[in-house]
Amino acid sequence: MQRIIRETGNLTTTLSIHLSLLMFLFKNKHQFPVNTEIHHHATRQQSRTHKDKEDDDTDHQKQAIALARESVDNADDKYFTVQETRRVITSMDNKKWPGIDGITGEVYKSVFEIFPEYITAMYNGCLNRGIFPKRWKTAKMIPIVKPGKENCDDASKFRSISLLNVGGKVLEKLLINLINYQIYSHVLMSGNQYGFMPQNSTTDAAMAVKEFVEKALAAGDIVALTSLDVKGAFDAAWWPSILNGLKDYNCSKNLYNLSKAILATDPPVFSLIM
């Protein structure tokens, strides 16, 4: 059984102590203390990928930012059910390392089975108020040297593993499911979209290209193929465009507000473990 560090520095030893400590922290909005050794070597930095310097923005960018900060009128809100929350929580891998709060997937599952309505209400509260708790944006980041680059002095020799709190990962998955519901119920996704699509893969994309090329060659046409790989595409995604895209598709108010809480408010914080 995984153990949790208490304020005294001791580790919990039984499931009942686990649950008592978790319920105390939920009720009092208290953050788990960090292991002293880890905390001593941690440096905190804020990611500013999505935060723009307003002085450098064009008029078009300023207009897009202002539009993204406005609320939406669509009140057709959908909330998380106990069944949806259970499916997401039970899908969490017990073997994954916990985030900075020390709560493992195994412990989270045990708590949910005892308090399913309470946990679901907590997530619906985040959805209804458009809040993504700051502690769930805090990740424990561990740099790992890439194979064969042990003697390299360049910072690119590292790849990082970010360990997020289970509570935040559950809320992210619930939000993704809600976005997917919005997409599929309104048929908003292109038929040529293969990435991040259920039951679609790179093999399907390759087969679609193959079919296109074969038809063109059979008709005597000339085929030209261009492949683009945008470096850091996800990190460079501009949050006003994402939010305005949700508006264009008439997404619900609570979905928009929670998405804005993730993208346009406080940036994530990383604790770097060396």
* Identify, please: which residue in region 72-81 is of a type outside the set (Val, Ile, Thr) and modelled with pLDDT under 80 and is, among those, most open to solvent (accessible area, probe 1.4 Å)? -> ASP73
* Considering (1) farther than 26 Å from GLN83 by Cβ; (2) surrounded by fewer than 13 Cβ atoms within 10 Å (Cβ to Cβ); (3) modelled with pLDDT of 85 or more; (4) not acidic (Asp, Glu), say which one ARG135 fails and leave the rest. => (2)
* Asked: Considering only region 82-120, how many residues are open to solvent by less than 80 Å² (accessible area, probe 1.4 Å), farther than 25 Å from ILE142 by Cα and over 20 Å from the mean Cα position of the chain (by Cα)?
  -> 6
* Structure fact -> Looking across region 227-253 at residues that are modelled with pLDDT of 85 or more and among the polar types (S, T, N, Q), the single one that is farthest from CYS126 (Cα to Cα) is SER241
* Single unsatisfied condition, VAL166 versus (1) open to solvent by 100 Å² or more (accessible area, probe 1.4 Å); (2) under 20 Å from the mean Cα position of the chain (by Cα) -> (1)
* region 186-200 residues that are closer than 15 Å to ILE176 by Cα, paired with ones that are open to solvent by 100 Å² or more (accessible area, probe 1.4 Å) and at pLDDT below 80 (beta carbon under 9 Å, 6 or more apart) -> none
* **In region 254-272, residue modelled with the lowest pLDDT [restricted to those that are in contact with a strand residue (DSSP E or B) (Cβ under 7 Å, 6 or more places away or on another chain) and open to solvent by less than 30 Å² (accessible area, probe 1.4 Å)]** => SER271
* To do: Any residue in region 145-158 that's on the phi > 0 side of the Ramachandran plot: show its pairings with residues that are surrounded by fewer than 10 Cβ atoms within 10 Å (Cβ to Cβ) at Cβ separation under 9 Å, as long as the two are six or more apart or on different chains.
  => none
* Structure fact -> Log entry, pairs with first residue in region 213-226 being open to solvent by 90 Å² or more (accessible area, probe 1.4 Å), second being modelled with pLDDT of 90 or more and in a helix (DSSP H, G or I), beta carbons closer than 8 Å, six or more apart or on different chains, reads ILE222/ALA216; LEU225/VAL209; LEU225/VAL213
* To do: Return yes when ARG69 is touching a residue at least 60 places away in the same chain (Cβ under 8 Å), under 22 Å from LEU178 (Cα atoms), out of contact with any Ser or Thr (no Cβ under 6 Å at 6 or more places or on another chain) and open to solvent by 90 Å² or more (accessible area, probe 1.4 Å) and no when it is not.
  => yes
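The values are calculated or read from the model by the stated rules, or taken from the named source; none is laboratory data. Please read these numbers as outputs of a predicted model, since none were measured by experiment. Please note: Cβ atoms are built from the backbone with ideal geometry, for glycine as well, and neighbour counts cover all protein chains shown. These accessible areas exclude ligands, DNA and RNA; they are computed on the full protein's heavy atoms, side chains included. Shrake-Rupley method; radii C 1.70, N 1.55, O 1.52, S 1.80 Å.
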